[in-house]
1. Give the number of residues within region 22-40 that are in a loop (DSSP other than H, G, I, E, B), out of contact with any helix residue (DSSP H, G or I) (no Cβ under 8 Å at 6 or more places or on another chain) and surrounded by 12 or more Cβ atoms within 10 Å (Cβ to Cβ).
2. I'd like the full set of residues that are free of Cβ contacts under 8 Å to residues at least 40 places away in the same chain and surrounded by 19 or more Cβ atoms within 10 Å (Cβ to Cβ), limited to region 68-78.
3. Please identify the pairs in which a residue from region 28-55 that is over 19 Å from Thr16 (Cα atoms) and in contact (Cβ under 8 Å) with a residue 12 or more places away in the chain has its Cβ atom under 6 Å from the Cβ atom of a residue that is among the small types (Gly, Ala, Ser) and in a strand (DSSP E or B), counting only partners at least 6 apart or on another chain.
4. Looking at Thr63, Thr110, can you tell me which residue is in contact with a helix residue (DSSP H, G or I) (Cβ under 8 Å, 6 or more places away or on another chain), buried (at least 16 other Cβ atoms within 10 Å of the Cβ), over 14 Å from Phe7 (Cα atoms) and touching a residue at least 12 places away in the same chain (Cβ under 8 Å)?
Amino acid sequence: MAYTDLFNVGIDNLATSLGTITGMRVVTDPRNINPPCVFIDAPTFIAYNANIAELDVPVRVITIGPANLDALRNVLANCALLLNKGVAVTDGRPISLSIGGQDLAAYDLTIKMKVQTS
């Protein structure tokens, strides 16, 4: 089933935009996380009316390898690629994710976006 509401279209548009970054693999389903990748998580929102909302989209930039300096440098380089894309990254914080029993270096970013229906 294709979702055509303003929230899902906004997330799809963000995923498409980030997917144009060379070498950047973007996933929107946690079952598809396979580092290195960018995972777009569920947004929070402020609705101004039924047609306009502002989203805060959590985006996790995940790298491979143990959470060491090499991994940190790689994940920061990927965060810089997102900033250079021109999306509204408002903040970022380092985290460590445990996937498949392995600790991975990652960054939680917040991307702000406004969505609206036609």
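Quick note: the coordinates plus some simple rules give every number you see, no bench work behind them. The structure displayed is predicted, hence computed values, not measured ones. Using ideal geometry, Cβ is built from the backbone for each residue, glycine included, and neighbour counts are taken over all protein chains shown.
1. Residues meeting the conditions: 4.
2. Ala71, Val75 - these are the residues of region 68-78 that are free of Cβ contacts under 8 Å to residues at least 40 places away in the same chain and surrounded by 19 or more Cβ atoms within 10 Å (Cβ to Cβ).
3. Phe45/Ala53; Ala53/Ala47
4. Selected residue: Thr63, the only one of Thr63, Thr110 that is in contact with a helix residue (DSSP H, G or I) (Cβ under 8 Å, 6 or more places away or on another chain), buried (at least 16 other Cβ atoms within 10 Å of the Cβ), over 14 Å from Phe7 (Cα atoms) and touching a residue at least 12 places away in the same chain (Cβ under 8 Å).
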